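These notes concern the structure reproduced below.
Each value in this text was obtained by applying a stated rule to the coordinates, not by laboratory testing. Every value quoted in this text rests on a predicted model; they were computed, and no experiment measured them. Here the Cβ positions follow ideal geometry from the backbone for every residue, glycine too, while neighbour counts run over all protein chains shown.
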């Protein structure tokens with residue numbers, strides 16, 4: 001690490017569907033870090049990245065990439081090979097968090113609730129017959145159902161299905177985002193997002209954000225259009241429920257081996273049951289994103305918080321990895 | 001998929017890995033940039049005090065005189081410089097016309113499909129757009145007659161007909177010579193104002209420009225022109241040619257918006273027209289776009305699955321593609337982005353929710369090799385989408401059109417079948433009446 005203020009490079013952009021969100025996250029992170037006195041530049045994840053980083057090494061990278069390369073571990077693996085320190089979860093742990101069915105299975109294994117689900121690739125439907133499989137799903141999971149790509153974020157491709165005849169078309173639309181679709185039992189309740197930050201004494205949950213989309217569905221537009229969703233931070237939950245929500249997020253962070261920061265999305269049902277939906281290793285950092293809201297609600301300064309993460313990553317030093 | 005999701009997907013288009021057949025960006029690198037640069041430098045040195053100052057709200061007089069010569073190339077020989085209002089691109093001209101003519105709830109007629117930028121302007125004016133069918137010969141007179149009669153039966157009258165007669169955006173087709181007369185005859189019969197938007201008229205590949213509608217009727221036609229495609233869109237110089245009474249209102253509205261069009265841009269265009277071989281450059285553009293059009297059509301013919309059809313433009317920038325029954329170009333877009341190819345889903349070119357099966361391809365910007373690669377990728381995307389649809393919906397299952405069940409299916413102007421290699425186009429001429437709220 002260099003003397004004085006750390007130097008950071010923020011990675012944003014990329015080629016995933018969430019490029020626009022990533023660029024917005026990147027701008028916000030750069031602004032916050034600079035405000036906190038961190039010399040910060042920005043880079044896209046393209047063919048020039050490694051040569052740029054080699055020519056002008058930073059103390060650490062902050063990955064504000066959303067979607068595939070930024071969250072599935074692939075880019076982080078390359079950074080590890082190059083020995084470049086970065087903020088966030090190591091590559092091998094990202095793979096489980098990134099794949100929603102894998103993450104749900106891992107969290108269920110810890111004893112937490114998660115909506116029942118089935119995840120299948122297109123090839124299975126093609127080979128065994130889509131109609132019979134879809135009928136089976138409706139019979140086992142009931143209606144309504146949530147259809148979502150097994151990988152990916154920002155609710156792109158997510159659709160709530162209330163009637164079985166709408167299912168085939170929704171499957172066609174969802175498969176446009178990826179090869180595997182996750183079909184999940186819909187749980188009605190209060191939607192919350194809980195951010196977790198690593199502190200000196202272990203991961204700490206920040207105040208949960210309660211999400212109330214005006215349209216009733218927290219889809220892409222509701223996430224990234226100011227005014228389309230009401231947020232309550234902290235969430236309007238009873239203290240005991242709120243504590244269990246935070247506990248879930250911390251245990252997910254621990255169980256999946258996440259590092260520095262994560263955001264767990266969950267539903268609190270009418271009986272107070274907390275259901276894990278998914279976890280994000282590269283949470284959105286835009287003006288309408290949830291982690292920055294939680295940071296502010298916790299009485300923290302976003303810039304100083306991010307600066308602490310950059311410093312922690314830098315202090316871990318050059319990554320030494322086996323191949 | 002919402003509009004914001006579509007915008008998000010377009011963010012990826014700027015990356016070089018993606019072949020963009022989406023945007024209609026002119027090939028400005030084909031301009032003699034050194035000459036243009038020297039010309040602009042000398043212009044500022046010589047006329048800087050004028051070029052960097054406010055100017056007339058109606059536009060530079062010298063440029064307005066030159067615009068008359070440009071319009072004469074398409075048969076408009078009776079206009080005066082006094083009728084010309086220079087605008088910040090023809091898009092500002094459209095906006096001015098909407099401000100002058102439209103009140104909330106007014107009905108206007110437009111081709112089906114229509115230019116997305118015009119639809120946005122009309123939507124902002126809270127006008128109701130009634131689409132009128134077109135085929136391979138442009139706007140269908142019988143469909144226009146039916147729309148006008150339908151409105152008359154309801155005691156309503158359209159404020160105007162908005163039309164792009166040459167190398168239509170997005171459909172690529174051109175209004176035929178006989179239909180020009182038929183459309184104008186209908187306009188006379190129904191006392192209908194016509195707005196003729198003609199940015200591409202000089203960019204034909206196969207014949208000299210057809211006489212403009214404005215050349216045939218000076219009282220009933222308001223003409224929009226642009227230097228964006230014949231010179232440079234970055235200068236933002238267009239114009240409106242309108243009868244005097246309308247002209248005065250346009251100038252007042254323009255002064256309220258922008259005081260005056262940019263003096264520097266106007267002088268650059270004027271100097272370019274005076275001192276550079278500008279029409280030779282138009283011929284260079286024609287050849288360039290002609291080659292790219294050919295590459296697009298050849299690749300579509302060679303690579304697209306059966307039942308995909310498209311128009312055959314004789315000029316301009318665009319090919320309009322119709323997907324097989326049940327496919328949705330907007331829903332298919334994430335797969336296309338993943339395959340690193342971009343297009344514009346057809347739904348944006350309709351004010352009433354039509355267009356799911358259509359998409360617009362622009363061949364103006366990528367070179368022929370990139371176009372072929374883009375079409376190859378797109379063909380793969382369509383194949384995969386067809387396979388998915390077969391898995392979940394069967395090859396002819398009506399459920400495939402669930403999302404569009406409440407909207408009429410868009411007609412397909414001048415379709416050319418993928419199986420009629422170089423064959424003649426066949427059009428559809430459904431003539432539904434207007435669909436008013």
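A few comments on the model shown:
- Helix A:100-109 vs. chain A, principal-axis angle (Cα, 0 to 90°, nearest 10): 90 degrees
- FRET efficiency for residue A:236 and residue A:116, using Cβ-Cβ distance with R0 set to 30 Å, rounded to 0.05: 0.65
- Theoretical ellipticity at 222 nm over chain B - DSSP helices of four or more residues, -39500 (n - 2.57) apiece, nearest 500: -13000 deg cm²/dmol
- Global geometry of segment B:32-275, whether rounded, prolate or oblate, following the gyration tensor of its Cα atoms and the 1.5 cut on a/c: prolate
- Structure remark: mean-square fluctuation, Gaussian network model of chain A, C-alpha springs under 10 Å; the largest value among A:290, A:167, A:61 belongs to A:167.
- For chain A, average projected area of the Cα convex hull in nm²: 16.9 nm²
- FRET efficiency for residue A:139 and residue A:82, using Cβ-Cβ distance with R0 set to 56 Å, rounded to 0.05: 0.65
- Taking Cα atoms only, the orientation of helix A:19-35 departs from the longest principal axis of chain A by about 40 degrees.
- Choice from B:290, B:358, B:338 showing the highest fluctuation, given a GNM over chain B with Cα pairs closer than 10 Å: B:338
- Cα-based values for chain B, radius of gyration first and Dmax second, are 21.6, 70 Å.
- Shielding value for A:11-17 is 4, the average number of Cβ atoms from other chains within 10 Å of each residue's Cβ.
- Average partner coverage of B:330-340, which counts Cβ from other chains inside 10 Å: 4
- Net lengthening on full extension, residue B:14/residue B:282 (0.36 nm per residue, minus Cα-Cα): 93.8 nm
- Each peptide in B:193-205, B:232-244 was scored by the mean count of other Cβ atoms within 10 Å over its residues; highest first, the order is B:193-205, B:232-244.
- Extending 7 Å from Cα along the Cβ direction at residue A:296 and again at residue B:302 yields two label points whose distance is 5.5 nm.
- Distance from segment A:270-285 to segment A:88-111 (C-alpha centre basis), Å: 13 Å
- Sites residue B:72 and residue B:124 - FRET efficiency at Förster radius 41 Å, r taken between beta-carbons, to 0.05: 0.80
- As a rough footprinting exposure proxy, the listed residues A:148, B:249, B:229 were ranked by other beta carbons within 10 Å of their own, and the order from fewest upward is B:249, B:229, A:148.
- Subtracting the Cα-Cα distance of residue A:124 and residue A:54 from 0.36 nm times their residue separation leaves 20.8 nm of extension gain.
- Per-residue packing, averaged as other Cβ atoms within 10 Å, sorts the ranges B:320-330, B:208-218 into the order B:320-330, B:208-218, beginning with the highest.
- Extension gain, residue B:44 back to residue B:257 (0.36 nm per residue minus Cα-Cα distance, nm): 74.1 nm
- Between segment B:32-74 and segment B:216-265, the alpha-carbon center distance in angstrom: 15 Å
- In units of the compact-protein estimate 2.2 N^0.38 Å, the protein assembly as shown shows a Cα radius of gyration of 1.06.
- Cα centroid of segment A:148-210 to Cα centroid of segment A:295-320, whole Å: 27 Å
- Number of partner chain Cβ atoms within 10 Å, mean per residue of A:223-236: 1
- Relative packing of A:272-284, A:193-205, which averages over residues the other C-beta atoms within 10 Å, highest first: A:272-284, A:193-205
- Over all pairs of different C-alpha atoms, segment B:13-77 has a mean inverse distance whose reciprocal, the Kirkwood radius, equals 15.7 Å.
- Residues of segment B:116-131 with amide N under 17 Å of the 7 Å Cα→Cβ point at residue B:249: B:122, B:125-128
- Principal-axis tilt of helix A:239-255 within chain A, Cα atoms, nearest 10 degrees: 70 degrees
- Across segment B:31-62, the residues whose backbone nitrogen lies under 17 Å from the label position 7 Å along the beta-carbon direction of residue B:80 are B:58-59, B:61-62.
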